[in-house]
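Values quoted throughout were computed directly from the atomic coordinates according to the rules given, and no laboratory measurement underlies them. Computed from a predicted structure; not experimentally measured. Glycine also receives a Cβ, built like all others from the backbone with ideal geometry; neighbour counts cover every protein chain displayed.
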Amino acid sequence: MFKKLEFLSDGVTIRATLNDGSFRIIDKHETELWNSFSAEAEKYTPSEFDKQQEIAQARAAVNAERDRRLGTTFAFAGKSYDCDAQSLARITGAATLAGFAMGAGAEAGNLRWHGGAADFTWIAADNSLTTMDAQTCLAFGNAAATNESAHIFAGHAIKAMDPIPADFTNDKYWPNAKDGQHD
C-alpha cells in the first residue's frame, strides 16, 4: 500500500512516502519527485501523529494479550485442554478425522472410530485421559474453534473502543477460560 504523508511541525513540513512498510523522507528540494506521486497526502500534526502511534501501540498490545490468552487452555465437558498453536493444530486434525469417520458411519459410543486398536483418547491439561467417540471429538474441535473465535472478536471489540481501556488485560473484556463466555 502506498501513502504520501506530511508531518507539520513548527512551520516545517516534512514529506515522506510509505510503500509496503518502507518509509522514505522526501527532501524539500525534490518537489518534482513529490508531485510525481499521484496519491493525496495524509497530513499530520505532531499531536495527531503521536495519537496515531499510541493507537497503533495499544492495538498491538491488545493483539499480544489475545495471543497470550489463546495459548493457554479452554474448557470442554468440564475439563481444561491446552490450546497453544500446536495443540490447536492437533485438535483440528482430530476433529476433521472425526467428521470423516461420522460421514463414513461411525456411531455414537464407538471409541475406536479412528481405526486404531485402542480407544481414541485425548490428554487434558491436568494430564488426565479423556476417551472420545467421533461425535465428542468433533464437538471438542468445535469448542476449540469457538474459543479461538471468541478471543479474536473480543480483541476486535477492545480495539474498536475509543479510547482502548488501560485495563484491557482485565478478564472482564475476555472470554472466560472455563466456558468461553465473558464474565
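Less than 15 Å Cβ to Cβ from His156, Lys/Arg counted +1 and Asp/Glu -1: what total charge do the surrounding residues give?
Working: positive: Arg59, Arg66, Arg69, Lys159; negative: Glu65, Asp67, Glu148, Asp162.
The answer is 0.
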Label-point separation (nm) for Gln52 and Ala64, each offset 7 Å from Cα along Cα-to-Cβ?
2.2
Amide H to amide H under 5 Å from Trp122: which residues, 5+ apart in sequence or cross-chain, H placed 1.01 Å off N in plane?
Thr130, Thr131, Met132
In Å, what is the Rg of the alpha-carbon atoms in segment 68-173, and how long is Dmax?
16.6, 56
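Pairs of alpha-carbon atoms within less than 8 angstrom and 6+ residues apart define the contacts here; what relative contact order does segment 56-146 have, in percent? Write down the numbers at each step before the final one.
Details: 109 pairs, mean separation 25.7, N = 91.
Over segment 56-146, the number comes to 28 percent.
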Lys and Arg at +1, Asp and Glu at -1: neighbours of Trp113 with Cβ under 9 Å from its Cβ sum to -1
